[in-house]
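The values are calculated or read from the model by the stated rules, or taken from the named source; none is laboratory data. Every value quoted in this text rests on a predicted model; they were computed, and no experiment measured them. Don't worry about glycine lacking a Cβ; one is built from the backbone with ideal geometry, like all the others, and counts go over all protein chains shown. Areas reflect the complete protein model, heavy atoms only, side chains present, ligands, DNA and RNA absent. Shrake-Rupley method; radii C 1.70, N 1.55, O 1.52, S 1.80 Å.
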Protein chains: 2
Amino acid sequence: MKRTSRDIRTANRYEVLRQIIAQSPTSRQTLAAATGLSVATVATLVGELLDLRMITEVGFEDSAGGRPRGLVAVNASGGALIGVDMAETYVRVELFDLGLNVLARAVEDMRPGESRPEQAVGQVAAAVGAVVAQAGIEGARVLGVGVSVPGQVDRATGIAEYAPNWDWHDVPLLDLLAEYIAYPLHLDNPLRASAVAELWFGAARGREDAVVVNLGTGVGAGLVLGGGLYRGVSNSAGEWGHTTLVLDGRLCHCGNHGCVETYVGAPGIMLNLRELGPRSPLLHPEDQTATIDALALGVAAGDPVAVKVVRDTARYLGAGIADLVNVYNPEVVVLSSWVAKKLGAPLLDEVREAVRRHALRRPFAATEIVLSPVPTDPVCLGAATFALEGALQAVGQRSPKRTTPARSRTAPPS
Amino acid sequence: MKRTSRDIRTANRYEVLRQIIAQSPTSRQTLAAATGLSVATVATLVGELLDLRMITEVGFEDSAGGRPRGLVAVNASGGALIGVDMAETYVRVELFDLGLNVLARAVEDMRPGESRPEQAVGQVAAAVGAVVAQAGIEGARVLGVGVSVPGQVDRATGIAEYAPNWDWHDVPLLDLLAEYIAYPLHLDNPLRASAVAELWFGAARGREDAVVVNLGTGVGAGLVLGGGLYRGVSNSAGEWGHTTLVLDGRLCHCGNHGCVETYVGAPGIMLNLRELGPRSPLLHPEDQTATIDALALGVAAGDPVAVKVVRDTARYLGAGIADLVNVYNPEVVVLSSWVAKKLGAPLLDEVREAVRRHALRRPFAATEIVLSPVPTDPVCLGAATFALEGALQAVGQRSPKRTTPARSRTAPPS
């Protein structure tokens, strides 16, 4: 119970800013109606956001007969946020204004054999420098950098505890990055980054309970619960990719057999294709992206092998998503990340049908299944949102240690 | 956001009463320290509970030099609560005082072929009458009756939407019961009842995130998240028994194949035994309870078939519980219900080892796995707790419609 009133204040601050970003300009009265908070509470929170220069007064609206109402809007140029998506095959860095519009972008391939932590850190640092220069903004205006790295991460210490695709163990990532980057740094993983992106800007906005299913090289589920991100007791929640779908099935890099990820992650989909047509021209043995692209084109052209692979994949995916629907009973399941984006509507249709076959009637009836509507990279956007949340959490905090982890952490093992 | 401040008040009221029940007598200052609430807030909530006669002033404690502190304690005789556990093979009804001590109990077998709704309702009504008479209390002191029925239930309408073991569909259970029972009625299912029992009185007390795994004829998981019961958007959360463990595996009565329940529910365990030793004397083909009893005795005696069956069952169970650990990252997993109780420590040891093999290292390290410490029937206790929560929710509510569903519901289809 101890964290209640502080958490509520922070959550209310998020909610008010979320509403202002979604619809600017707006009045305190409209915000109160949209959030269910009192006008007095909204006025206090708006005052804090004005003090932070995250929003700005933009005039008045007429109100029939009454006092004119003051309008506020996002102060897009009041600061900048950087999101870093360290994915298995690329590093992508985007710089956003406070309206979460992309101002600059840098993308680099992460080549196999070049994924040692020092190499990856060098790439990220160079790309962060590049986007700040490209956007032509002063460093002092960068409110923070959110960094997403796959696998298990410890937010408090900034350590990437286990990144299976690169075989990283206990890498003190934020400390390594802090040698190059002076802005406040925030570490998390792509499951939570894409969930926060949907919560603030996508299909989970205004929802109490949502699951954001990430389909990329790795697979997992970001959980939105009671209107906020659910992390679990050690920030490990959402490892749905490592739940057992086929007992004694395909070997997974986590050491278990039959994990969902081994059937629906990009390498799993390549294996589904290989099992169906070992010599299929759709298969690019060393290139996940090219293979998924070929499958998407194949489905569009009616290629029977491509159609069958997507159907088989959707069957695994449908059984796995039905598990989430049965356990979690969410309002919406959002399919996110690059595999979902590339395979798109044909995959979605098959998945919906497969979930219907596997899920219980009552929770299925309560759940929508949709593709992510976020137009940009949701992981970069979510990582930048973590930096925004960090800046909002600092409001009224005397010792802002949780928002500048790079400076306040104790020295991690190297 | 709309429900926030009201929910917080209700949750705080629960928390203060929970602390008082756990440790009576106690002072407002001690309660404030234990809950993290201010003394002023605690004083207000204590005042409400005193007005309800749920607690009582019991004198003062010395405080070195300062003003003597007033002490409060549960007013055990201030009211009675009834919990009803309508299980697949029995109906159990218990009457509790406000300290949640059992004052009276009635248990009846639910015989196959006698599970039509009217028959079951008659049994429950008779048993409720019996426990009130047996306890020798006035009806006016019964604050409410919580009823647990397996499967999918709609709390708001009091309808048992789908109870697979009896093939009930859309049974207006609370309306049927209200023809016999005048006390406020509250409907839910055993997953949530046993989770609430652990949250108030058992292994989830004071925990933020816990999973209560119910092992009976049916199987499921009650979820405690953020210190409260998690229900999902349509009160269907927790149907872990119907998640896929073995794609295309054993046929489940839900229509899916390979559900966890088909391997670790009592009938599933009987099938595990049958596959291992079709003519084993441990097997009582028509009697789940006798078979599980025989297995428990067999394990204690070192019978190799019994040991193997428990190990095989624990292997399925461990993979399924590892899924919960990976997705929810809870502090504690509690094994509850009658199968867990009967198989006890030998099952627990095997399950821990199996979860360790299947789960990711980080969430596994953060999770304890324990047997339920609740000494009585956790489903009856949890159902009675729903009645207690209903009475607490009514505080300060002008129109107590949510706490007297039997009277305020619209007529359901019959």
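What the table shows:
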| item | result |
| --- | --- |
| Test result for residue B:362, in a helix (DSSP H, G or I), within 14 Å of another protein chain (Cβ to nearest Cβ), modelled with pLDDT under 95 and over 30 Å from residue B:74 (Cα atoms) | yes |
| Identity of the residue in segment B:317-357, under 24 Å from residue A:238 (Cβ atoms) and basic (Lys, Arg), that ends up farthest from the other protein chains (Cβ to nearest Cβ) | B:352 |
| All positions within segment B:290-327 that are among the hydroxyl-bearing types (Ser, Thr, Tyr) and either in the same structural domain as residue B:88 (by TED's automatic domain parsing) or in contact with a Phe, Trp or Tyr (Cβ under 8 Å, 6 or more places away or on another chain) (or both) | B:313, B:316 |
| Test: residue B:385 is modelled with pLDDT under 95, within 19 Å of the chain's Cα centre (by Cα) and polar (S, T, N, Q) | no |
| Scan of segment B:224-241 for residues that are more than 7 Å from chain A (Cβ to nearest Cβ), among the aliphatic types (A, V, I, L, M) and open to solvent by 20 Å² or more (accessible area, probe 1.4 Å), ordered by number | B:229 |
| Among (1) of a type outside the set (S, T, N, Q); (2) in contact (Cβ under 8 Å) with a residue 12 or more places away in the chain; (3) under 23 Å from residue A:233 (Cβ atoms); (4) open to solvent by 20 Å² or more (accessible area, probe 1.4 Å) - the single one residue B:246 does not satisfy | (3) |
| Filter result (open to solvent by 10 Å² or more (accessible area, probe 1.4 Å) and assigned to a loop (DSSP other than H, G, I, E, B)) within segment A:328-346 | A:331, A:337 |
| The one condition in (1) closer than 19 Å to residue B:239 by Cα; (2) open to solvent by less than 10 Å² (accessible area, probe 1.4 Å) that residue B:159 fails to fulfil | (2) |
| Residue satisfying all of: in segment B:271-281; open to solvent by 10 Å² or more (accessible area, probe 1.4 Å) and among the aliphatic types (A, V, I, L, M); nearest to residue A:326 (Cα to Cα) among these | B:271 |
| Meets criteria (more than 17 Å from residue A:383 (Cβ to Cβ), among the charged types (D, E, K, R) and part of a strand (DSSP E or B)) for residue A:170 | yes |
| Matching option when the condition is without any contact (Cβ under 8 Å) to a residue 12 or more places away in the chain, on the phi < 0 side of the Ramachandran plot and small (Gly, Ala, Ser), among A:104, A:73, A:80, A:40 | A:40 |
| Count of residues meeting criterion [without any contact (Cβ under 8 Å) to a residue 24 or more places away in the chain and either surrounded by 15 or more Cβ atoms within 10 Å (Cβ to Cβ) or on the phi > 0 side of the Ramachandran plot (or both)] in segment B:251-267 | 7 |
| Residue match in segment B:340-354 (condition: hydrophobic (A, V, I, L, M, F, W, C) and under 17 Å from residue B:194 (Cα atoms)) | yes |
| Which numbered condition residue B:365 misses (of (1) surrounded by 17 or more Cβ atoms within 10 Å (Cβ to Cβ); (2) among the aliphatic types (A, V, I, L, M); (3) without any contact (Cβ under 8 Å) to a residue 24 or more places away in the chain) | (1) |
| Residue, most open to solvent (accessible area, probe 1.4 Å), within segment B:282-298, restricted to residues that are at pLDDT 95 or above and out of contact with any helix residue (DSSP H, G or I) (no Cβ under 6 Å at 6 or more places or on another chain) | B:297 |
| Test: residue in segment B:285-296 that is within 23 Å of the chain's Cα centre (by Cα) and within 14 Å of chain A (Cβ to nearest Cβ) | no |
| Matching residues, segment A:299-318, being farther than 29 Å from residue A:381 by Cα and open to solvent by less than 10 Å² (accessible area, probe 1.4 Å) | A:306, A:309 |
| Residue A:216, sole failed condition from (1) open to solvent by less than 10 Å² (accessible area, probe 1.4 Å); (2) more than 9 Å from chain B (Cβ to nearest Cβ); (3) over 15 Å from the mean Cα position of the chain (by Cα); (4) not hydrophobic (A, V, I, L, M, F, W, C) | (3) |
| Hey, residue B:241 in contact with a Cys (Cβ under 7 Å, 6 or more places away or on another chain) and without any contact (Cβ under 8 Å) to a residue 40 or more places away in the chain or not | yes |
| Hey, residue B:325 assigned to a helix (DSSP H, G or I) and farther than 22 Å from residue A:247 by Cα or not | no |
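Yes or no, residue by residue, for (1) within 30 Å of the chain's Cα centre (by Cα); (2) at pLDDT 90 or above:
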position: B:32; (1), (2): yes, yes
position: B:35; (1), (2): yes, no
position: B:41; (1), (2): yes, yes
position: B:44; (1), (2): yes, yes
position: B:54; (1), (2): yes, yes
position: B:63; (1), (2): no, no
position: B:67; (1), (2): no, no
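For (1) under 13 Å from the mean Cα position of the chain (by Cα); (2) of a type outside the set (Phe, Trp, Tyr); (3) within 12 Å of another protein chain (Cβ to nearest Cβ), each residue gets a yes or a no:
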residue	(1), (2), (3)
A:155	no, yes, no
A:160	no, yes, yes
A:168	no, no, no
A:177	no, yes, no
A:200	yes, no, no
A:206	no, yes, yes
A:211	yes, yes, yes
A:222	yes, yes, yes
